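Student: Just dropping this structure here.
The values are calculated or read from the model by the stated rules, or taken from the named source; none is laboratory data. Small disclaimer: the values here were computed from a predicted structure and weren't measured. Please note: Cβ atoms are built from the backbone with ideal geometry, for glycine as well, and neighbour counts cover all protein chains shown. For accessibility, only protein heavy atoms count, side chains too; no ligands or nucleic acids. Shrake-Rupley method; radii C 1.70, N 1.55, O 1.52, S 1.80 Å.
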Amino acid sequence: MKDTVISICVYSDPAAMGMFFMGALILLEKSQRVTNSIAISPVTVEEYILGKIMSIGIISEIVGIILLVQGNSENYYLSSIGVFAGSAIFSLCGIIVGARIESLNQYIVWTIPFEIVGFVPVILYRIGIMRNHWLLLLHPGCGVMQLIEGNMKMPLFSIINIIMWVAILFVIADLSVRKLFRSSGETKL
C-alpha cells in the first residue's frame, strides 16, 4: 500500500506543479506584460518553452526523488526519467492552456479536462485495473507511472510513447505561444 501511495504522490506532485505553476507563471507574465518583451526579444518560442519545462522539471525532479526514496522502486534511474517526463507533459499542457486564457478562473476551468484525462486512467492503472494491458500504456500518464515505479516491463515502449506525446504537445504549445506572442493585449504585433 505504501508504494502505491508514494507512486501516486510522485506522479501527482510534479504533474500538479507542472500544470498549475505553469499557468500561474504565464498569467503573471501576461499581467505584467512580460510576454510583450519576450515577444520582441531574440528568445525563440522553442527556447521559451524549453526554459519553462526545465525550470519546473528540475524542481519536480528534486521533489520526486525525495518522495521516491521513501518507497521501494525497482529502478531509480527509470523513476527519475518518469518524474521528469511527467513534469514535461503537464508543463506543456499548462503552457497550452495558459497561453490561451486571460484569468485564473478561466485557467482553473480549462485545466479540469486535462486533469481528468491525465489522472483517471493513471489511477485506474496503478490500482490494478487493466494493469498488464499494453493498450493502456499508450496513455502518456500510464507510461510515466510505469517509469516512476521503476517497472522493467516494456520500458522502451513507455519511453518511445512518452517522447511521441511530448513532441505532439510541444508542437501544440509552440503554436499557442506563437499566437500569444503575436497578440499584445488588444493590439496585434
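Student: Taking the conditions exactly as written (in a helix (DSSP H, G or I), out of contact with any strand residue (DSSP E or B) (no Cβ under 8 Å at 6 or more places or on another chain), open to solvent by 30 Å² or more (accessible area, probe 1.4 Å) and free of Cβ contacts under 8 Å to residues at least 60 places away in the same chain), does ILE81 satisfy them or not?
Tutor: no
Student: Give all pairs with beta carbons closer than 7 Å in which a residue from the range 53-66 that is open to solvent by 30 Å² or more (accessible area, probe 1.4 Å) meets a residue that is of a type in the set (Asp, Glu); count only pairs at least 6 apart in sequence or on separate chains.
Tutor: Going by the 7 Å Cβ cut-off, the qualifying pairs are VAL63/ASP13.
Student: I would also like to ask the following. Kindly check whether there is at least one residue in the range 35-42 that is open to solvent by less than 50 Å² (accessible area, probe 1.4 Å) and outside any helix (DSSP H, G or I).
Tutor: yes
Student: So is LYS2 charged (D, E, K, R), within 22 Å of VAL120 (Cα to Cα) and open to solvent by 20 Å² or more (accessible area, probe 1.4 Å) or not?
Tutor: yes
Student: Here is a follow-up. With respect to the numbered conditions (1) free of Cβ contacts under 8 Å to residues at least 40 places away in the same chain; (2) closer than 14 Å to GLU149 by Cα; (3) acidic (Asp, Glu), which one is the sole condition not fulfilled by GLU29?
Tutor: If we test GLU29 against (1) free of Cβ contacts under 8 Å to residues at least 40 places away in the same chain; (2) closer than 14 Å to GLU149 by Cα; (3) acidic (Asp, Glu), just (2) comes out false.
Student: I'd like the full set of residues that are assigned to a helix (DSSP H, G or I), surrounded by 14 or more Cβ atoms within 10 Å (Cβ to Cβ) and at pLDDT below 90, limited to the range 160-189.
Tutor: Of everything in the range 160-189, those that are assigned to a helix (DSSP H, G or I), surrounded by 14 or more Cβ atoms within 10 Å (Cβ to Cβ) and at pLDDT below 90 turn out to be LEU180, PHE181.
Student: State whether the residues of the range 46-62 include one that is modelled with pLDDT under 85 and out of contact with any helix residue (DSSP H, G or I) (no Cβ under 7 Å at 6 or more places or on another chain).
Tutor: So far as the range 46-62 goes, no, none of its residues is modelled with pLDDT under 85 and out of contact with any helix residue (DSSP H, G or I) (no Cβ under 7 Å at 6 or more places or on another chain).
Student: I'd like the full set of residues that are closer than 24 Å to ASN75 by Cβ and of a type in the set (Gly, Ala, Ser), limited to the range 155-173.
Tutor: Answer for the range 155-173, where residues must be closer than 24 Å to ASN75 by Cβ and of a type in the set (Gly, Ala, Ser): just SER158.
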